[in-house]
Amino acid sequence: MTRCRRVVPLTWLHVVLQVWVTAELDGSGRLRLGADSDSELTRGLAAVLVRCLRGLTPAQLLEVRFFASQNGFHESGVSGG
């Protein structure tokens, strides 16, 4: 991902690293995702998430979020800004 597309970094558990995420809908209403990080490990984890979630519809993404919240994955460690 080019630096010009990096918008707002996410801070995770006050660790000093940055993650940039872009999300767009393509012409058929499916997600186009991109992610980058200043950390190689986090960049790899983001790549796995992008690969798993790309091509989903917004409704399918909400189902993933519901499944995650019902199985112990919470957003409490993630904040924007």
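What follows draws every value from the coordinates through simple rules; no lab data is involved. Bear in mind the structure is a predicted one, so any value in this text is a computation, not a measurement. Every residue, glycine among them, receives a Cβ derived from its backbone with ideal geometry; neighbour counts consider all protein chains shown.
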- Item | Label-point gap, in nm, between LEU17 and ARG43 - each point 7 angstrom along Cα→Cβ | 1.2 nm
- Message: Could you check the spin-label model distance between THR57 and GLN70? Points 7 Å from the Cα along Cα→Cβ, value in nm.
- Response: 1.9 nm
